[in-house]
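Asker: The following block contains the structure, expressed as structure tokens.
FYI, it's all coordinate maths here, none of it is from the lab. It should be emphasised that the depicted structure is a prediction, and the values quoted were computed from it without experimental measurement. Positions of Cβ are generated from backbone atoms using ideal geometry, with glycine treated the same way; all protein chains shown enter the neighbour counts.
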Amino acid sequence: MSIAEIFNSMSYGPAPESETAARNWLAAHKGKFGLFIDGGWTKPRSNSWFESQNPARGEKLADIAAANDKDVGAAVAAARAAQKDWLAVGGHGRARHLYGLARTLQRNARLLAVLEALDNGKPLRETRDIDIPLVARHFYHHAGWAQLQEQEFAGFEPMGVIGQIIPWNFPLLMLAWKIAPAIAGGNTVVLKPAEYTSLTALCFAEICKDAGLPPGVVNIITGDGTTGDALVRHPDVDKIAFTGSTEVGRHIRKVTAGSGKHLTLELGGKSPFIVFDDADLDSAVEGVVDAIWFNQGEVCCAGSRLLVQEGIFDKLISKLRARMENLRLGDPLDKSIDMGAIVAPVQLAAIKNLVKKGTDEGAEIWQPSWAVPKEGCFYPPTLFTNVAPAATIAQEEIFGPVIVAMTFRTPDEAIRIANNTRYGLAASVWSENINLALDVAPKLDCGVVWINSTNLFDAACGFGGNRESGYGREGGHEGMLEVIKPKFLAKLPDYQTAAKAPGKRDATPSPLVSLDRTAKLYIGGKQARPDSGYSLPVFSAKDVKIGEVGDGNRKDIRNAVEAAGKAVGWTTTSSHARAQVLYYIAENLDARKDEFAKRLVETTGVTSKKALAEVDASIRRLFSYGAWADKYESRVHSPPMRGVTLAMKEAIGTLGIICPDENPLLSLISLAAPALAMGNRIVLVASETHPLSATDFYQVLETSDVPGGVFNIITGNRDLLARTLAEHDDVKSVWYFGPKSGSELVEAASAGNMKRTWVNNGKARNWFDMEQGEGREFLRHSTQIKNIWIPYGD
Ligand code: NDP
């Protein structure tokens, strides 16, 4: 071919990368890898091994140890033994170690890039230019957090030993996302890579050794799901950080319920890629390439649903098809290809299966005319049109290079279709009208939004999802808060189970007490009779029946959640307006101070002085959250690009709050006020033993301009009501402060729609204490962070 012809066709020749260094590394280990425990290689006690394959060529790369329970136990024991000393190294000491790891990673960058491409099948162009540089960036960034830890996270301590389970789609990058923050924060880790892609994690183990990381700080155990399961169940693990499928994430939630283990889950997605009619279409087409054909579409946040404004649909689709015709697919080590191999035959079969379902359901498939290599696990870029929003391929995560295209007419419709999924990981919005894009971004129910861009990641910007995409964030300030915990938590006393719950006593009334005191429920801004038609007796501290409260049931919770769902105005109004209401509640409580104090004396048996102190503290707390309402603000990140990332603190939605028995007024206010200040609507279950402070509170709410449905109060059986809230799909988060068994109940029941939970694990707080009862911890649980990426410039 002449040079002129080459210029005309713009076709590339092959540009293969040498794999010699990677082959030498494999050979140096004789193609067989043990487990990396306590700073050295150990033979698996299981004496069992599995093969790692190169999916592009179907050849064996190495034998990998399959860890069993005993191996997991040894790794956890090594991590536990190392943790104290690792903490004692101090922030600066850990910063130096993380910096050392970053440097060593960079020195070995090409080896890691080639190894990753061989093992996973992803193009070297991506491992070399995206995965590995981001891995190093993660260690540099978190070296910084280690350095600043004592100032920035004063009052916090590490979780302890963290078990980490990662998938195969970004093997080394997911390792970095997990390990860098965890060890920066003073934890030690046991990490299990995915069965298909263990090699770069094992190479990283060697890098830890070379870089002089103390033994036991990082332990790498290989194996399949049973190894992961053993790690999840190990009693000496303090936290599980998991990235993978929603199905396994749900299983882990159930298995760890009530164990006290902290949990972060980064799960699947079905992210929308929204193109408005004023978008730069050529840029949008390149965006689609990066959204769904980057990493063969094996990306949790892949833009797999293309939503296009009706008027430009045909034009965009024809441009897209022309671009697809020019994509190159082939040997991952060829530097001029766009797409490599699918990770394994099982995944290839899963993709083919869903594609067949798409065609069976009537969608129209389009693939480029060029042939896919016959050998190896390859699948062509695929575009579906004529897809109904409810079709299987528009709802299920395909986790392959397959995009489904649909149309919309108006921004509202785009938002509706975008949110019509059980997931909520990411979204991409394309428009030249920044006003429109910034109006749409907050309305998308997901954790990350890219404006005129897609699949951008940085260590400083948190990443994570909502709904069935999981919870918790990785990266940035918010990611650090997932690996450390307030120091006071370890010292809390056990929650004392109250003996005087309504209904547990002889309900014979004292002849001295008027029985005209049956408090109703408070739903949608009105007092409502319980659906059951029953009430429960309430006793004084002296064991005398002093009244009755409604015996709330599932239906009452449903009504309250529905009322809360309608009160969206509370979320969209200004924080200034919410602050005014909180101050007004405080003012009205102040006006009835004596009455509330009297009630506390009567129900809890405290002295008048203590009761007045509780009412005073409640008033102060309301003022605090009136103050916080417009001061717990979002951050702006400056990732290494021309642009900014807004880390928006958003309300979560409808919260279920189960109150403890201690300090029934103060604990209620301490939990309700931050949630309200941040724009959530709440369904609050009053203390089971002392519900009258809550029912008295209706009158304060009624006189304080609290819109109906924002603050709902239900009385009755705590566990029944807690379970109903935890199972309800429209409740986005449940906070539980009660006996230990309730924490387990709530965590297990929350697995249905993977809602967030905040539970007390059977511990009691001192609600008067400023650290335990007020502040950022409460505000953090009242918000979720959405990172909105806004590149700028032409
Ligand atoms: P899994 O969720 O099964 O695997 C993720 C990790 O969890 C792997 O290390 C896996 O081990 C491990 N694991 C599996 N079962 C258990 C268990 N019971 N307890 C603890 N750990 C366990 O995802 P797959 O790799 O099987 O992929 C299946 C689907 O999941 C994909 O088709 C895709 O839809 C989705 N997925 C989503 C990802 C995301 O980033 N959100 C990433 C990967 C997959 P092992 O690999 O050895 O089985």
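Asker: Could you grab the relative contact order for region 705-753? Cα pairs under 8 Å, six or more apart, rounded to a whole percent.
Answerer: Working: 27 pairs, mean separation 17.8, N = 49.
Computed over region 705-753, the figure is 36 percent.
Asker: If you take the alpha carbon radius of gyration of region 443-493 and divide it by 2.2 N^0.38 Å, what ratio comes out, to two decimals? Could the numbers behind the result be given before it?
Answerer: Details: Rg = 14.5 Å, N = 51, 2.2 N^0.38 = 9.8 Å.
Compared with the compact-globule rule of thumb, region 443-493 sits at 1.48.
Asker: Ok, one more. Quick one: which residues, 5 or more positions from LEU306 or on another chain, have an amide H under 5 Å from its amide H? H modelled 1.01 Å from N in the peptide plane, none for Pro or chain starts.
Answerer: Those lying under 5 Å, H to H, from LEU306 are PHE273, VAL404, ALA405, MET406.
Asker: Using a/c under 1.5 as the rounded threshold, could you call region 20-148 rounded, prolate or oblate? The axes a ≥ b ≥ c are square roots of the C-alpha gyration tensor eigenvalues, and prolate needs a/b larger than b/c, oblate otherwise. Walk me through the intermediate numbers first.
Answerer: Working: a/c = 2.58, a/b = 1.17, b/c = 2.20.
Oblate.
Asker: Kindly provide the GluC sites (Glu not before Pro) of region 700-762 that DSSP labels as loop, not H, G, I, E or B, and whose Cβ sees at most 14 other Cβ atoms within 10 Å.
Answerer: Details: sites: GLU702, GLU727, GLU744, GLU747; in loops: none.
Answer in residue order: no site qualifies.
Asker: Here is a further query. Sort largest first and round to whole Å: the equivalent ellipsoid semi-axes of the chain, each the square root of five times a Cα gyration tensor eigenvalue. Spell out each step's value before the answer.
Answerer: Numbers: eigenvalues 498, 194, 99 Å².
Those come to 50, 31, 22 Å.
Asker: Continuing with this model, one more query. Which value in Å is the Kirkwood Rh of region 208-320 over different Cα pairs? Walk me through the numbers before you get to the answer.
Answerer: Details: mean 1/r = 0.0566 Å⁻¹.
About 17.7 Å, per the Kirkwood formula over Cα pairs.
Asker: At what distance in nm do the modelled label points of GLU286 and GLN395 sit from each other, each positioned 7 Å from its Cα along Cα→Cβ?
Answerer: 3.7
Asker: Run down the lysines and flag those whose C-alpha is under 27 Å from the C-alpha of LYS526, throwing out any fewer than 8 positions away in its chain.
Answerer: LYS526 reaches LYS545, LYS555, LYS566, LYS593, LYS598, LYS732.
Asker: So, one more: Shape call for region 637-770 from the C-alpha gyration tensor, a ≥ b ≥ c root eigenvalues: rounded (a/c under 1.5), prolate (a/b greater than b/c) or oblate? Write out the running numbers ahead of the final one.
Answerer: Details: a/c = 1.80, a/b = 1.40, b/c = 1.29.
Here region 637-770 falls in the prolate category.
Asker: Right, here's the next one. What is the magnitude of the charge dipole of the chain about its Cα centre, with +1 placed on the Cβ of each Lys and Arg, -1 on the Cβ of each Asp and Glu, and no other charges, expressed in debye to the nearest 20?
Answerer: Charge dipole of the chain: 1640 debye, to the nearest 20.
Asker: Return the Rg/Rh ratio of region 291-359 with Cα-based radii and a Kirkwood Rh. Present the calculation step by step, with values, prior to reporting the outcome.
Answerer: Numbers: Rg = 14.0 Å, Rh = 14.0 Å.
Dividing the radius of gyration by the Kirkwood radius yields 1.00.
Asker: Mind running the shape call on region 117-165? Use the C-alpha gyration tensor, a ≥ b ≥ c as the square roots of the eigenvalues: rounded below 1.5 for a/c, prolate if a/b tops b/c, oblate otherwise.
Answerer: On the way: a/c = 6.23, a/b = 2.09, b/c = 2.98.
In terms of gyration-tensor shape, oblate.
Asker: Here is a follow-up. Roughly how big is region 592-693's charge dipole about its Cα centre, with Cβ charges of +1 (Lys, Arg) and -1 (Asp, Glu), in debye to the nearest 20?
Answerer: Around 360 debye, computed over region 592-693.
Asker: Something else: Run down the aspartates and glutamates and flag those whose C-alpha is under 17 Å from the C-alpha of LYS610, throwing out any fewer than 8 positions away in its chain.
Answerer: Excluding near neighbours in sequence, the set is ASP590, ASP594, GLU595, GLU602, ASP661, GLU662, ASP769.
Asker: For region 691-794, with only Lys/Arg (+1) and Asp/Glu (-1) charged at the beta-carbon, what is the dipole magnitude about the Cα centre, in debye rounded to 20?
Answerer: Values: 11 positive and 14 negative charges, 68 e Å.
Using Cβ point charges on Lys, Arg, Asp and Glu, region 691-794 gives about 320 debye.
Asker: What does the extension gain come out to for ASN766 and THR410, with contour length at 0.36 nm per residue minus their alpha carbon separation?
Answerer: 123.1 nm
Asker: From the phi of every residue in region 92-102, what ³J(HN,Hα) in whole Hz does the Karplus formula 6.51 cos²θ - 1.76 cosθ + 1.60 yield, where θ is phi - 60° and glycine or proline is x?
Answerer: 5, x, 5, 4, 5, 5, 5, 4, x, 5, 4
Asker: Using modelled backbone amide H atoms (1.01 Å from N, in-plane), which distant-in-sequence or interchain residues come within less than 5 Å of TRP735's amide H?
Answerer: Close amide H contacts, sequence-distant or interchain: GLY656, ILE657, ILE658, TRP758.
Asker: Please report the relative contact order for the chain, taking Cα pairs under 8 Å with a sequence separation of at least 6, and give it as a percent rounded to a whole number.
Answerer: Values: 1825 pairs, mean separation 94.5, N = 794.
This gives 12 percent for the chain.
Asker: Next question, about the same structure. Lys/Arg Cβ at +1, Asp/Glu Cβ at -1, dipole of region 749-793 taken about the Cα centre: which of ASN761, ILE790, GLY773 is farthest positive-ward?
Answerer: The one lying farthest along the dipole's positive direction is ILE790.
Asker: On to the next question. I'd like to know which of ILE6, GLN395, PHE139 lies farthest towards the positive end of the charge dipole of the chain, counting +1 on Cβ of Lys and Arg and -1 on Cβ of Asp and Glu.
Answerer: PHE139
Asker: Out of all DSSP beta bridges in the chain, what portion is antiparallel? Express it as a percent rounded to 5. Walk me through the intermediate numbers first.
Answerer: On the way: 42 of 104 bridges.
Counting DSSP beta bridges with both partners in the chain, the antiparallel share is about 40 percent.
Asker: Could you tell me which residue out of LEU148, ALA77, PRO44 lies farthest along the dipole of the chain toward its positive end? Charges go on the beta carbon: Lys and Arg +1, Asp and Glu -1, centred on the Cα centre.
Answerer: Result: ALA77, furthest along the dipole toward the positive end.
Asker: How many nm separate the modelled label positions at ARG620 and SER608, each set 7 Å beyond the Cα in the direction of the Cβ?
Answerer: About 2.2 nm separates the two model spin labels.
Asker: Find the eigenvalues of the gyration tensor of the Cα atoms of region 577-646, then list the square roots of 5 times those eigenvalues as equivalent ellipsoid semi-axes, largest first, in whole angstrom.
Answerer: Values: eigenvalues 330, 34, 9 Å².
Largest first, region 577-646 gives 41, 13, 7 Å.
Asker: Also, I was wondering about something else. Check cross-link reach from LYS319 to the aspartates and glutamates: straight Cα distance under 19 Å, and skip same-chain residues fewer than eight apart.
Answerer: ASP277, ASP278, ASP280, ASP282, GLU286, ASP290, GLU310, ASP338, GLU364, GLU432
Asker: Based solely on its DSSP helices, what 222 nm [θ] is calculated for the chain when runs of n ≥ 4 H residues each add -39,500 (n - 2.57) and the sum is averaged over all residues, nearest 500 deg cm²/dmol? Mind showing how you got there, number by number?
Answerer: Numbers: 28 runs with 316 residues, N = 794.
Using -39500 (n - 2.57) per qualifying helix, the result is -12000 deg cm²/dmol.
Asker: What distance in nm lies between label points placed 7 Å from Cα along the C-beta direction at ASP439 and ARG328?
Answerer: For the pair ASP439/ARG328, the computed spacing is 4.4 nm.
Asker: Can you pick out the pairs among LYS70/LYS261; LYS239/LYS485; LYS84/LYS239; LYS740/LYS763; LYS261/LYS485 whose Cα atoms lie more than 18 Å from each other? Mind showing how you got there, number by number?
Answerer: On the way: LYS70/LYS261 20 Å; LYS239/LYS485 11 Å; LYS84/LYS239 16 Å; LYS740/LYS763 7 Å; LYS261/LYS485 12 Å.
Where the Cα-Cα span goes over 18 Å, the pairs concerned are LYS70/LYS261.
Asker: When only C-alpha pairs under 8 Å and at least 6 residues apart count, what is the relative contact order of region 397-477, in percent?
Answerer: Working: 101 pairs, mean separation 21.7, N = 81.
Over region 397-477, the number comes to 27 percent.
Asker: In nm, what is the difference between 0.36 nm times the number of residues separating GLU310 and ALA81 and their Cα-Cα distance?
Answerer: Using 0.36 nm per residue and subtracting the Cα-Cα distance, I get 76.4 nm.
Asker: SER48 to ASP210: FRET efficiency via 1/(1 + (r/R0)^6), r the Cβ-Cβ distance, R0 25 Å, to the nearest 0.05?
Answerer: Working: r = 28 Å, r/R0 = 1.12.
Efficiency for this residue pair is about 0.35.
Asker: How do HIS477, HIS781, HIS142, HIS728 line up, fewest other C-beta atoms within 10 Å first? Write out the running numbers ahead of the final one.
Answerer: Details: HIS477 17, HIS781 20, HIS142 30, HIS728 23.
Sorted ascending by nearby Cβ count, the order is HIS477, HIS781, HIS728, HIS142.
Asker: Stretch LYS555-THR703 to full length: gain in nm at 0.36 nm per residue minus the Cα-Cα span?
Answerer: Details: separation 148, 0.36 × 148 = 53.28 nm, distance 2.67 nm.
Difference between extended and current length: 50.6 nm.
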